[in-house]
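Heads up: the structure comes next, in structure tokens.
The values are calculated or read from the model by the stated rules, or taken from the named source; none is laboratory data. What you see is a predicted model; the values in this text were computed from it and never measured. Note: ideal-geometry Cβ built from the backbone for every residue, glycine included; neighbour counts use all protein chains shown. Ligands, DNA and RNA are excluded from the accessible area calculation, which covers all protein heavy atoms including side chains. Shrake-Rupley method; radii C 1.70, N 1.55, O 1.52, S 1.80 Å.
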Amino acid sequence: MAAPAVAVRAVAWLLLWEAAGFTCSPATTFNNTHFVAGIRATCSEIILRQEVLKDGFHRDLLTKVKFGESIEDLQTCRLLIKQYIPTGLFVDPYELASLRERNITEAVMVSENFNIEAPNYLSKESEVLIYARQDSQCIDCFQAFLPVHYRYHRPHIKDGETFTVVHNPDLLMYCDQASLRGVVRFRFDSFGKTIEFPVLKCWAQSKVTAPCALNSKDICQWNNMKYKSVYKNLTLQVPVGLTIHTSLVCSVTLLISILCSTWILVAVFKYGHFSL
């Protein structure tokens, strides 16, 4: 009687496993293993690199993003960089408007009541949205360009320099579901059931609301992506004046102002034509 009881118990377990969807054939096992390997391949890291170009008080902030082999087709996806500008720097909104007209960059200020003339100690942190463009020399890369300028700082007693830290930006991604080809949200397993494909799930941390495009009034739900930065943060060295030079600078400035004003008045009275 032991053998029939064992056989009945084995059949019962097989039926339960089949009802739960756990039985698999060798081919199914191979397909599932291949699918898991594909999932791991899609989870490679996003690499972000930021660098500052030029010298002096007027710089260019260049941001490059590389996806590696994670996404087969980036044509349906857009990348938005939310850059935080510290108080030691400023972005000129009029300069951005000129660059947009010349199709050099696609960036817009988010902060309102922004004063580009204010010194560092009277300024607030601001935000800029930069719509990155695909790199023509790299099929899975994006890049963005933003001109930044140093603000004036309080003079120091001894050290003639200070430092401004540019923190890493937020990386936002949006993929058009209507025309999604290589970046798909769903695939089908061997049983015909829908399985979520974790391309964006691997990296997305939260949802962020932002305009779908630079000149669009439509609002999209962007994915705030997790990435690996080449540098922790950018640190910029800013020259500042010394308090011991205050008297000298004020005296020279006043003298030059008086001389220039006098020169202008002499030229006006000498070469000007006045009619009553």
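Between a residue in the stretch 121-137 that is in contact (Cβ under 8 Å) with a residue 12 or more places away in the chain and any residue that is among the acidic types (Asp, Glu) and open to solvent by 40 Å² or more (accessible area, probe 1.4 Å), which pairs come within a Cβ distance under 9 Å, given they are 6 or more apart or on different chains?
The qualifying pairs are Leu129/Glu106; Ile130/Glu106; Tyr131/Glu106; Ala132/Glu106; Arg133/Glu106.
Is it true that some residue in the stretch 166-180 is at pLDDT 85 or above and open to solvent by 60 Å² or more (accessible area, probe 1.4 Å)?
Checking the stretch 166-180: at least one residue is at pLDDT 85 or above and open to solvent by 60 Å² or more (accessible area, probe 1.4 Å).
Here is a list: Ile219, Ile157, Ile195. Which entry is of a type in the set (A, V, I, L, M), modelled with pLDDT of 80 or more and over 30 Å from Leu53 (Cα atoms)?
Going through Ile219, Ile157, Ile195 in turn, just one is of a type in the set (A, V, I, L, M), modelled with pLDDT of 80 or more and over 30 Å from Leu53 (Cα atoms): Ile219.
So which residues in the stretch 96-115 are over 14 Å from Leu172 (Cβ atoms) and open to solvent by 60 Å² or more (accessible area, probe 1.4 Å)?
Selection gives Arg100, Glu101, Arg102, Asn103, Ile104, Glu112, Asn113, Asn115.
Take the residues of the stretch 218-273 that are of a type in the set (Ser, Thr, Tyr) and in a strand (DSSP E or B): which is surrounded by the fewest Cβ atoms within 10 Å (Cβ to Cβ)?
Thr235
Could you list, in sequence order, all residues of the stretch 139-164 that are β-branched (Val, Ile, Thr) and open to solvent by 60 Å² or more (accessible area, probe 1.4 Å)?
Once the filter is applied, which keeps residues that are β-branched (Val, Ile, Thr) and open to solvent by 60 Å² or more (accessible area, probe 1.4 Å), the stretch 139-164 yields Ile139, Ile157.
Here is a check on your reading of the model: is Ala118 surrounded by fewer than 16 Cβ atoms within 10 Å (Cβ to Cβ), within 28 Å of Gly241 (Cα to Cα) and either touching a Phe, Trp or Tyr at 6+ places or on another chain (Cβ under 8 Å) or not basic (Lys, Arg) (or both)?
yes
Determine if the stretch 182-192 includes at least one residue that is at pLDDT 85 or above and farther than 22 Å from Glu95 by Cα.
There is no residue in the stretch 182-192 that is at pLDDT 85 or above and farther than 22 Å from Glu95 by Cα.
Which is part of a loop (DSSP other than H, G, I, E, B), at pLDDT below 85, open to solvent by 80 Å² or more (accessible area, probe 1.4 Å) and of a type in the set (A, V, I, L, M), of Leu200, Leu276?
Of the residues listed, the single one that is part of a loop (DSSP other than H, G, I, E, B), at pLDDT below 85, open to solvent by 80 Å² or more (accessible area, probe 1.4 Å) and of a type in the set (A, V, I, L, M) is Leu276.
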